[in-house]
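> The structure is given below, and queries will be raised subsequently.
The values are calculated or read from the model by the stated rules, or taken from the named source; none is laboratory data. Predicted, not measured: the structure shown is a model, and the values here were computed from it. Using ideal geometry, Cβ is built from the backbone for each residue, glycine included, and neighbour counts are taken over all protein chains shown.
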Amino acid sequence: LSSRLEYGRPVTREALSIVEQGEDALRVLGFRQFRVRHHGDIVRIEIASEEMPRALSGEMAAEFSRIFKALGFKFVTLDLEGFRSGSMNALLPVSSLSPEP
């Protein structure tokens, strides 16, 4: 679960528990492929592209907001690029992704 936290954020039991609770909630809602990305006050929810239409419905958006604000997030976002492994690496400077010569 630590890969769900933004780089530089301390890995704490509390932060991991929040991510786990968020992912459990998405599972209960019937989503199959997703990630909850913790960016401090902001949560970024990634949902598989084939499940995106359901996630974008007004009713589901309200449910996401209710669930994730109850977990302590101030802002709830749905990543329009959908689920993708390694998406947190986009936050790293390009130089840190290249091997040293």
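> Hey, can you tell me all the residues within region 1-25 that are at pLDDT below 75 and in a helix (DSSP H, G or I)?
Ser2, Ser3
> May I pose another question? Can you pull out the residues in region 1-57 that are touching a Gly at 6+ places or on another chain (Cβ under 8 Å) and touching a residue at least 40 places away in the same chain (Cβ under 8 Å)?
Hits for region 1-57 are Glu6, Ile18, Glu46.
> Another question, then. Would you pick out the residues in region 26-54 that are more than 12 Å from the chain's Cα centre (by Cα) and part of a helix (DSSP H, G or I)?
Scanning region 26-54 gives Arg27, Val28, Ser49, Glu50, Glu51, Met52, Pro53, Arg54.
> Looking at region 29-47 only, could you name the residues that are touching a Phe, Trp or Tyr at 6+ places or on another chain (Cβ under 7 Å) and exposed (fewer than 15 other Cβ atoms within 10 Å of the Cβ)?
Of everything in region 29-47, those that are touching a Phe, Trp or Tyr at 6+ places or on another chain (Cβ under 7 Å) and exposed (fewer than 15 other Cβ atoms within 10 Å of the Cβ) turn out to be Gln33, Asp41, Ile42.
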